[in-house]
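Participant: Pasting a structure here, questions to come.
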Amino acid sequence: MCGIVGVTAWASVHPLSPTHPIHAGLAAIRHRGPDAALADQLGGAVFGTARLAMVDKPTSSQPMRDPSDRYLLSFNGEIYNFRELREELAPRYAFRTTGDTEVLLAALITWGSGALPRLKGQFALALWDARENELLLARDRFGIVPLHWTTDSGAVHFASEVKALKALGLHPELSLPDVIDAGVLWGTHPGRSVFDGVEQVPPGGFVRISDVTVERGRYWAFRYAEDRDSGSIDQHAEKLRALLACAVERRLPVYGDLAVLLSGGLDSSAVLALLRQAQPSSRIASYSIQFTQAALNEESFQAVAAAAFDTDHLSILCGDLSVARTLIEAVEHAEQPLSRTAPASSIALAATIEAQGTRAVLSGEGADELFCGYDLFKVAAIRDAWSRNPDGDEYAQLLSQVMAHQKGMGRAVERAFYEQGIDRRSDPLFSHLNRWGASFRITQYLLPDLRRGLSTDSVLAGVRDRLPYEYAGWSAVEQAQYLEVTYFLASALLAGQCDRPYMAHSIEARYPFLDEDVADFALTLPEASKLNGLQEKAVLKRAVGHDVPAAIRDRVKQPYTAPEGDVFRTQPGRELLDRYTSRETLEAAGLFDPKRVAWLRNKLDSGATSFHDDLALLWIVSTQALADSYGVADPKE
């Protein structure tokens with residue numbers, strides 16, 4: 001992948017020169033593309049690309065013009081089906097290079113935005129049409145690759161990361177409503193960022209901008225098929241395995257080692273198994289995180305998978321101390337308040353992978369959302385049935401089964417928590433009401449004036465207002481899947497925990513489960529193929545059950561979780577609290593109530609914090625760190 005940055009203007013644009021701000025923008029995202037940093041100007045557009053060369057190193061430099069000098073392209077990511085597209089385009093376009101960049105350029109010239117649904121890959125792109133004076137920005141289906149944009153003084157500025165916009169001379173400031181959304185929903189609304197006036201191109205979306213219009217559109221949306229696949233689960237499994245095998249092969253790097261991020265769970269082990277079958281004699285590296293807390297540590301399963309598939313395995317050990325030390329670095333790269341500490345562990349692993357010379361890694365993200373891997377989906381199914389039969393005793397017993405595993409991870413949840421809101425099944429956010437209602441507690445630490453008029457419903461209204469028409473016809477579990485993909489997957493997982501920490505060290509992560517063909521197939525499956533009673537990912541277990549070790553196939557699902565509660569009890573953690581939650585710092589930012597934050601810190605010192613107390617501390621510290629770098633927009637404006 002790469003980093004891109006640019007500015008377009010319809011009145012006048014500064015000529016490209018050695019002192020042009022585009023060079024500062026490129027320097028700010030050098031970590032995304034250390035191989036080259038080039039800029040070009042075409043009419044009213046100046047584009048820059050910091051390149052991480054993964055395909056056609058010698059000739060596919062960017063920004064790239066077409067032969068007529070009408071179009072200019074900067075592109076971040078990979079187009080995995082570029083060879084097939086090239087073959088289709090060859091009769092109409094004379095190719096000069098062998099990589100995916102020129103194929104993408106030719107596809108956009110030939111088909112316009114109609115090219116976007118044809119792409120299989122992870123990407124963010126900017127295309128300038130000098131004849132029409134029109135800018136096209138677009139992003140992959142799930143938002144794997146970031147792309148921000150904003151307008152200022154008659155110009156449009158775009159960049160992979162907000163720090164590049166700041167380097168261009170802009171002044172992005174935190175937007176309090178979006179900061180609240182990020183803390184409560186564990187993600188921002190599609191197209192939003194936590195910076196005032198700075199938008200993101202939404203996953204599966206595009207923005208077309210001219211001197212008089214701004215057109216926002218979608219070329220793909222997460223929607224279930226009206227007619228579900230009527231085959232048996234064995235037939236579904238057979239097809240899924242074939243699609244996954246193709247998805248893995250599509251993502252093999254042209255240069256460098258084959259490598260996998262290995263958690264020890266089913267998803268990453270399945271990716272590794274299919275990779276080994278595709279490359280039976282090649283060296284494969286695997287990388288893992290071990291945790292000092294026994295309840296979180298998956299070392300034994302990682303070792304089983306590494307041995308079964310003969311990888312050169314390397315792991316790092318993370319605990320409260322190491323997480324505290326890398327937390328602010330993770331926040332600076334995530335460019336959003338954190339809802340979990342996992343990005344701090346990811347950035348530590350990324351540094352280790354970079355030191356090994358690895359440039360691309362395959363990873364298992366997306367499987368839980370597409371195939372119902374989280375306990376959240378089981379709880380949604382149980383609560384949905386319970387809401388229709390409130391006197392049924394069996395539902396409490398089923399919930400106890402789910403909660404038993406959570407207790408084993410040190411995250412005991414009272415049954416009463418799940419019983420709340422059983423009578424609110426008509427609410428479209430039924431599956432997430434309890435989680436988001438509990439997360440809303442973090443807002444009690446805002447200043448009184450900022451809390452005034454704020455409620456759970458006022459925050460959730462933003463979600464309700466954006467739900468698609470088809471949503472009401474989906475089951476409770478399917479609605480939960482949609483919400484997880486839209487909020488958690490796009491923001492907290494792919495952005496905060498994956499792209500940003502790994503690209504901070506020039507590591508490109510690739511996701512076979514988010515392959516277009518795999519995702520489209522998942523959306524045709526009946527719910528029972530994904531969640532069969534209380535068996536999560538039923539079809540996936542059937543699909544790869546003979547490929548992965550039985551110990552991994554049959555283990556209880558364990559979500560990837562980094563240390564939370566004791567991070568701020570370490571010496572570097574306390575130093576973070578002293579730096580970002582002192583009365584002077586809090587008053588300078590003007591967001592949080594110093595008295596309430598001091599009360600929370602005293603609670604931490606007493607050793608009596610809850611999960612949501614820890615979440616609040618993380619949200620406060622990460623928000624304060626961002627405010628320190630960017631400032632805060634006036635909430636009253």
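Participant: Across segment 188-204, which residue is least open to solvent (accessible area, probe 1.4 Å) among those that are farther than 17 Å from V632 by Cα and in contact with a Leu (Cβ under 8 Å, 6 or more places away or on another chain)?
Facilitator: So, considering only residues that are farther than 17 Å from V632 by Cα and in contact with a Leu (Cβ under 8 Å, 6 or more places away or on another chain), the one least open to solvent (accessible area, probe 1.4 Å) is V201.
The rows are residues; the columns are (1) open to solvent by 10 Å² or more (accessible area, probe 1.4 Å); (2) touching a Lys or Arg at 6+ places or on another chain (Cβ under 6 Å); (3) of a type outside the set (F, W, Y); (4) in a helix (DSSP H, G or I).
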position: A416; (1), (2), (3), (4): yes, no, yes, yes
position: D423; (1), (2), (3), (4): yes, no, yes, yes
position: S426; (1), (2), (3), (4): yes, no, yes, no
position: S431; (1), (2), (3), (4): yes, no, yes, yes
position: I442; (1), (2), (3), (4): no, no, yes, yes
position: A461; (1), (2), (3), (4): yes, no, yes, yes
position: Q481; (1), (2), (3), (4): no, no, yes, yes
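Participant: Any chance you could count how many residues in segment 281-323 are of a type in the set (G, A, S) and under 22 Å from the mean Cα position of the chain (by Cα)? Can you show your working first?
Facilitator: Let us first name the residues in segment 281-323 that are of a type in the set (G, A, S), namely 281-282, 285-286, 288, 294-295, 300, 303, 305-308, 315, 319, 322.
From the residues that got through so far, the ones that are under 22 Å from the mean Cα position of the chain (by Cα) too are 286, 288.
Total meeting the criteria: 2.
Participant: Would you be able to say whether some residue in segment 455-472 is farther than 30 Å from V621 by Cα and in contact with a Cys (Cβ under 8 Å, 6 or more places away or on another chain)?
Facilitator: No, because not a single residue in segment 455-472 is farther than 30 Å from V621 by Cα and in contact with a Cys (Cβ under 8 Å, 6 or more places away or on another chain).
Participant: Follow-up question, since we're still on this one. Return yes or no: is K166 over 30 Å from D634 (Cβ atoms), in contact (Cβ under 8 Å) with a residue 60 or more places away in the chain and open to solvent by 10 Å² or more (accessible area, probe 1.4 Å)?
Facilitator: no
Participant: Could you tell me whether any residue of segment 424-442 is modelled with pLDDT under 90 and within 24 Å of L296 (Cα to Cα)?
Facilitator: No - not one qualifying residue is present in segment 424-442.
Participant: A follow-up question, please. Let me confirm something: among A522, A490, which residue is modelled with pLDDT under 95 and closer than 23 Å to R250 by Cα?
Facilitator: Exactly one residue qualifies, and that residue is A490.
Participant: Residues to consider are A504, A416, A492, A476; find the one that is in contact (Cβ under 8 Å) with a residue 60 or more places away in the chain and out of contact with any helix residue (DSSP H, G or I) (no Cβ under 7 Å at 6 or more places or on another chain).
Facilitator: A492
Conditions tested, residue by residue: (1) in the same structural domain as A342 (by the TED database); (2) touching a helix residue (DSSP H, G or I) at 6+ places or on another chain (Cβ under 6 Å); (3) open to solvent by less than 10 Å² (accessible area, probe 1.4 Å); (4) more than 30 Å from K378 (Cα to Cα).
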residue	(1), (2), (3), (4)
T570	no, yes, no, yes
D578	no, no, no, yes
S582	no, no, no, yes
L586	no, yes, yes, yes
R596	no, yes, no, yes
N602	no, no, no, yes
G607	no, no, no, yes
L618	no, no, yes, no
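Here's the yes/no breakdown for (1) charged (D, E, K, R); (2) open to solvent by 10 Å² or more (accessible area, probe 1.4 Å); (3) assigned by the TED database to the domain that holds V621:
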{"position": "G112", "(1), (2), (3)": "no, yes, no"}
{"position": "A115", "(1), (2), (3)": "no, no, no"}
{"position": "F123", "(1), (2), (3)": "no, no, no"}
{"position": "R131", "(1), (2), (3)": "yes, yes, no"}
{"position": "A138", "(1), (2), (3)": "no, no, no"}
{"position": "G143", "(1), (2), (3)": "no, no, no"}
{"position": "P146", "(1), (2), (3)": "no, no, no"}
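Participant: Inspect segment 380-402 for any residue being modelled with pLDDT under 90, open to solvent by 70 Å² or more (accessible area, probe 1.4 Å), under 28 Å from the mean Cα position of the chain (by Cα) and not assigned by the TED database to the domain that holds Q535 and give the result as yes or no.
Facilitator: No, there is no match, as no residue in segment 380-402 is modelled with pLDDT under 90, open to solvent by 70 Å² or more (accessible area, probe 1.4 Å), under 28 Å from the mean Cα position of the chain (by Cα) and not assigned by the TED database to the domain that holds Q535.
Participant: Another question, if that's okay. Report, by residue number, each residue of segment 527-554 that is buried (at least 18 other Cβ atoms within 10 Å of the Cβ) and in a loop (DSSP other than H, G, I, E, B).
Facilitator: Step one: of segment 527-554, the residues buried (at least 18 other Cβ atoms within 10 Å of the Cβ) are 527, 529-531, 536-544, 547-548, 552.
Correct list: L531, E536, K537, D547, V548.
Participant: How many residues does segment 100-132 hold that are of a type in the set (F, W, Y) and touching a residue at least 60 places away in the same chain (Cβ under 8 Å)?
Facilitator: 1
Participant: Restricting to segment 463-477, give me the number of residues that are over 20 Å from G191 (Cα atoms) and either of a type in the set (A, V, I, L, M) or surrounded by 21 or more Cβ atoms within 10 Å (Cβ to Cβ) (or both).
Facilitator: Residues in segment 463-477 being over 20 Å from G191 (Cα atoms) and either of a type in the set (A, V, I, L, M) or surrounded by 21 or more Cβ atoms within 10 Å (Cβ to Cβ) (or both): 3 in total.
Participant: I would also like to ask the following. Tell me yes or no: at least one residue of segment 320-340 is closer than 26 Å to D554 by Cβ, surrounded by fewer than 24 Cβ atoms within 10 Å (Cβ to Cβ) and at pLDDT 95 or above.
Facilitator: No: segment 320-340 contains no residue that is closer than 26 Å to D554 by Cβ, surrounded by fewer than 24 Cβ atoms within 10 Å (Cβ to Cβ) and at pLDDT 95 or above.
Participant: Do you know which residues across segment 174-204 are β-branched (V, I, T), in contact with a strand residue (DSSP E or B) (Cβ under 9 Å, 6 or more places away or on another chain) and outside any loop (DSSP other than H, G, I, E, B)? Talk me through it step by step, then tell me what you get.
Facilitator: Just the residues of segment 174-204 that are β-branched (V, I, T), to begin with: 179-180, 184, 188, 194, 198, 201.
Filter once more, keeping what is in contact with a strand residue (DSSP E or B) (Cβ under 9 Å, 6 or more places away or on another chain): 179-180, 188, 194, 198, 201.
V179, I180 - these are the residues of segment 174-204 that are β-branched (V, I, T), in contact with a strand residue (DSSP E or B) (Cβ under 9 Å, 6 or more places away or on another chain) and outside any loop (DSSP other than H, G, I, E, B).
Participant: Take residues that are open to solvent by 70 Å² or more (accessible area, probe 1.4 Å) and tell me which of the strands (runs of 3 or more DSSP E) falling wholly in segment 205-279 contain 3 or more.
Facilitator: Counting at least 3 such residues, we get 214-218.
Participant: List, please: which pairs have Cβ atoms under 6 Å, are six or more places apart or on different chains, and start with a residue in segment 196-218 that is at negative phi and end with one that is in a loop (DSSP other than H, G, I, E, B) and of a type in the set (G, A, S)?
Facilitator: D196/S175; D196/A633; E199/G191; Q200/G191; Q200/S193; P202/G191; P203/G143; R218/G204
Participant: Follow-up question, since we're still on this one. When you go through (1) more than 27 Å from the chain's Cα centre (by Cα); (2) assigned to a helix (DSSP H, G or I) one by one for F568, which number turns out not to apply?
Facilitator: (1)
Participant: Would you check if S288 is of a type in the set (S, T, N, Q), more than 24 Å from E508 (Cα to Cα) and out of contact with any Phe, Trp or Tyr (no Cβ under 6 Å at 6 or more places or on another chain)?
Facilitator: Against the criterion (of a type in the set (S, T, N, Q), more than 24 Å from E508 (Cα to Cα) and out of contact with any Phe, Trp or Tyr (no Cβ under 6 Å at 6 or more places or on another chain)), S288 does not qualify.
The values are calculated or read from the model by the stated rules, or taken from the named source; none is laboratory data. These figures come from a predicted structure and were not determined experimentally. Neighbour counts run over all protein chains shown; Cβ positions are idealised from the backbone, glycine included. Side chains are part of the model used for accessible areas, which takes the heavy atoms of the whole protein and leaves out ligands, DNA and RNA. Shrake-Rupley method; radii C 1.70, N 1.55, O 1.52, S 1.80 Å.
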